[in-house]
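Input: a single structure, listed below in structure tokens.
The values are calculated or read from the model by the stated rules, or taken from the named source; none is laboratory data. Here the structure is a predicted model, which means the values were calculated and not measured. Please note: Cβ atoms are built from the backbone with ideal geometry, for glycine as well, and neighbour counts cover all protein chains shown. Side chains are part of the model used for accessible areas, which takes the heavy atoms of the whole protein and leaves out ligands, DNA and RNA. Shrake-Rupley method; radii C 1.70, N 1.55, O 1.52, S 1.80 Å.
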Amino acid sequence: MKTEFHFLDVGPNKFGDCVLCRRGDEMILIDGGHPGDQNARGARRSLPDQIAGIIGMQPPFALKLLVVTHAHLDHVGCLPTLVKNGVIKAEWALVADEKLSWGRHHAHDGVLDSDALPLDGKRVAAALREDAVPDLRNADEVRAFLDAALGLEPAYKGMLTTLEEAGTKIVRHGRNAPTALVKAFAPWNLKILGPTKTHLVRCADAIAKSMMDAASLIQGVFMDGAVDAVALYRQLAAGPLSDSGGKNRPGQALNNQSLTLAFGKAGRRVLLAGDMQFIEPDIEGLDTPMSALRKKAKDHGAYRVVKTCHHSSHNGLDAAWITDMGDDALVIHSGGENDATHPALTSLKLLRERAKTRPKKWLRNDRNGLISCALDAAGGLEVAFERGDFDDFSRNHDLDLGAGPIEVSPVVREEPAVAPPKPKPQERVPNDNVEVTVRIPNRRTRVTLTIDLQPEAAGAGHPRPFEEPAQNPAPEGEWKLGGGRTFPRLLAVTDIRRLARNVGETAALSAVSALQNAGIDVLPELPEETAGSANTRLVVREALRQADYAGVLIIGGPDVVPPVVMDTLPADLRTRMRHNAVALTDPDNFIVWSDHPYGDTDGEGCNELPVSRVPDGHSAALLRAALTAPARPAGDAGGFGLRNLKRPFADMIYRRLDASGCRTTAPHGPASHPPEKLTAHRIYLMLHGMKGDGTLFAGETEDESIVTAFDMGSLPASCAGSVIFTGCCWGALIEDGLASETATASQPAPRTEENSIALAFLRRGARAFIGCTGAHYSPNIEPYGFFGGPMHAAFWEALTQPGMAPALALHEARLAYLNAIPHGQNGLYDVAIEHKIFHQFTCLGLGW
């Protein structure tokens, strides 16, 4: 007899699980999607309609077993409604215990501090218990979410009461023994792998503690007077209680209560583990119980079919987990399309890599709709799905800042600068050296830099230091810096050995020669840094004292000259934010990558000199194009502007450059912007950016749907001399990863022209690309004179001055912006945002 597993299409909404299992005339339903999934959503069929189509009959549906893996809104979903309306009936129910799920398991009658809050306070507290976060820009959506969250507990309890009154045998996991239930489902070979009671209680304790903290925070706000629940939730969900499942939220404790079930005999088993965070439980005291559960699940396998945990989140699976659960298993993702972070980018990458050797082992509800698997007695597997194909590894679009859960990382500060260690003597190989004469800051001094061509060690995992990459031939011919124009006195900072490893010896030496031929001093060797940039900044600062320089030009990517981890908040402001009950934070925790400290000549924390960086992108062609980018003639006033529909402030700024104003992103997409438009002298892009994907910028439609507005296909073959200014979140990242997340562990990995619009512009000869290294904030209230607006206006105003270079224009704009903080918005959070904007705008490209 075949055993079928149908992974129902849970529609467009974020998250959601619903699995129908069928064996002969018996059915098991596991979880219930979202509230409202009992109804169709546009072209998406309701869950009851999908079930009816599978079994060939209309409701009521007589289930052998109803399972609720854990009591999150996107798993309980529409089950209370279906039970109340008699759509489903069940002989058995295996459910999350309501006391453990709401942290009401203690002896004091399960009373929570949040129970004493005003009604709106209860709504906010209930919503903060959830893993999901609605679109914070949409007040109606937030309001509906608050109502659904508050109604979940009574609806869940009411569902259990209705089932009991109808004769359903209920087993509350962690409270009731499951022996009789498991015996009744022996033909299914059902195994309840966990979690254990100890595991459940530790999670319940964490839920109770989180709710107590939330209640205290909310109560303090309500004591100050009337509070709008939507506004308060927006603040808390994006601030001190931010991050989907973050440490101050009970979401991940609920995930870790997920029932972990296995079906079938050895060789043809199926694993369904809800939202269990096998990889990163992030609950104190849970590591040992989680390791035991994972081992139990592994030992019970291997599996033919595995549903990913926590909607394919980074904390639900990794490569080792997939191997442990069944290296040849069909892996299935459950969740909706409107979810920017699930499947996680890391999960997609590892599954894409797996597909190289195990193709057709990946399916997903958000691309394939209803997915059906049937296992026969011999272990054969039949698979069917509604749309798409196997192995779709495309990611869902990010929404703009504030449109979803905002990630918060601990404050990261670099260690104070210390004297750089003396370089260790290196063994020389006779007749295998290249000598390069390099001019360094002191006019009266020349040094000969000897570069050892010997491989660092036998069997090293990278090419010889100056070996030309086969796929990256150095461009031929002389490199004329900036097309041969005249430059002020600049200090060029690089490490020629690291640069040569990235682009080859010929290109590295050509770059140095081009700089020197243009009269620019070169600092060619930098200290080794295991993490951070402190020693490198000391060396640069000392070099700057040797002459009267007009600016600093960094040559190379983050693995050549390390970027600086910049805490954008002054220490007193950081302290005030930390102790303010409803102070918000942002996705970068106000910590960004910055090059500006390399222009700090006195070490007092503010750069006196403008700084620009020419990243190499591990491409000799990119390096040459950026260094030889010409300047446009003074009379060339051509421009191109593109803004989001909801960002009208950009029109007023751009009309100073071009009377036609900006185009908008709706209904236009990338195809509506011919690449020849992007050959303009001045290009202004006010769009949404994605921290994990530098290949596109997005916009929105009137109904706030996110659409791709600008991508790699929008770029022209050449935009020689163009200056691009962007207000896109993370638009100028040349690293993979945020400063707040990666800087303490190691230097960041560089991006290339294939995965960065910024670097792709430089490869096409742009003179400068100005943008943000973190999430950007746009003004949304007239007259728009705050947040990013004044910075944008100040840059373009400065650039229109005769003879002004982009790097200097940004420097002057930043100083003007800093001196005017705050720009009319005086709140603590507003001031914090503006300090971030001051620090995070950076100049990529030659810029002079």
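Worth a mention:
- Proximity of backbone amide H atoms, modeled 1.01 Å from N, is registered between residue 640 and 682, 683, 684 at under 5 Å, excluding neighbours fewer than 5 places apart on the same chain.
- Nearby lysines by direct alpha-carbon distance to residue 99 (threshold 20 angstrom, same-chain neighbours under 8 apart not counted): 122, 157, 169, 197, 209
- Only beta bridges with both residues in the chain are counted; by DSSP, about 50 percent of them are antiparallel.
- Lys/Arg +1, Asp/Glu -1 at C-beta; the chain dipole; positive extreme among 690, 270, 598: 270
- Dipole magnitude for segment 621-719: computed about the Cα centre from +1 point charges on Lys and Arg Cβ and -1 point charges on Asp and Glu Cβ, it is near 420 debye.
- Cα long-axis angle, helix 505-517 against the chain (0 to 90 degrees, to the nearest 10): 50
- Put simply, the convex hull of the Cα atoms in segment 676-732 casts, on average, a shadow of 4.2 nm².
- Separation of alpha-carbon centers, segment 761-796 and segment 473-519, rounded to whole Å: 29
- A straight Cα-to-Cα reach below 16 Å connects residue 84 with the aspartates and glutamates 31, 37, 153, 164, 165, residues fewer than 8 places away in its own chain not being considered.
- Calculated on the Cα set of segment 712-848, radius of gyration then Dmax: 15.6, 45 Å.
- Scattering curve values for segment 652-771, log₁₀ I(q)/I(0), Debye with Cα scatterers, q = 0.11, 0.14, 0.16, 0.18 Å⁻¹: -0.38, -0.60, -0.77, -0.96
- Taken over segment 298-370, the convex hull of the Cα atoms encloses 84 Å³ per residue.
- Under a 5 Å amide H cut-off, with hydrogens placed 1.01 Å from N, residue 302 pairs with 267 among residues at least 5 apart or on other chains.
- Coordinate range along principal axes, alpha carbons of segment 233-379, Å, largest first: 54, 34, 24
- In Å², nearest 10: area of residue 332 left accessible to a 1.4 Å probe: 0
- Between 0 and 90 degrees, the angle of helix 139-165 with respect to the longest Cα principal axis of the chain falls at about 30 degrees.
- With q set to 0.18, 0.29, 0.33 Å⁻¹, the log10 of I(q)/I(0) for segment 175-217, from the Debye formula over equal scatterers at the Cα positions, is -0.65, -0.97, -1.06.
- Summed residue charge, Cβ within 9 Å of residue 367's Cβ, Lys/Arg positive, Asp/Glu negative: -2
- Spherically averaged projected area of the convex hull of Cα atoms, segment 6-52: 3.2 nm².
- For residue 146, the shell of other residues with beta-carbons less than 12 Å away shows a net charge of -1, using +1 for Lys and Arg and -1 for Asp and Glu.
- Peptides 161-172, 566-577, 335-346 ordered by average Cβ neighbours within 10 Å, highest first: 335-346, 566-577, 161-172
- Rounded to the nearest 500, the helix-only mean residue ellipticity at 222 nm of the chain stands at -8500 deg cm²/dmol, with each DSSP H run of n ≥ 4 adding -39,500 (n - 2.57).
- Taking the 1.4 Å solvent-accessible surface of the chain as the whole, the part contributed by carbon and sulfur is 51%.
- Kirkwood-type radius of segment 59-140, with distances r between different C-alpha atoms, in Å: 15.1
- Only lysines eight or more places from residue 307 in sequence, or on another chain, were considered; those with a Cα closer than 21 Å are 2, 14, 191, 265, 295, 296, 298, 349, 356, 360, 361.
- Each principal axis of the Cα atoms in the chain has its own extent, and those three values, largest first, are 94, 66, 51 angstrom.
- For residue 161 and residue 266, the FRET efficiency from 1/(1 + (r/R0)^6), where r spans their Cβ atoms and R0 equals 41 Å, is about 0.55.
- Orientation-averaged projection of segment 93-218 equals 9.7 nm² [convex hull of Cα atoms, one quarter of hull surface area].
- Radius 15 Å from Cβ of residue 22, net charge of other residues (Lys, Arg +1; Asp, Glu -1): -3
- Each Lys and Arg contributes +1 and each Asp and Glu -1, all at the Cβ; summed about the Cα centre of the chain, the dipole is approximately 1100 debye.
- Its alpha carbons give segment 551-641 an Rg and a Dmax of 18.2, 54 Å.
- Shown here: segment 1-134, whose C-alpha atoms stretch 51, 35, 23 Å along the first, second and third principal axes, sorted largest to smallest.
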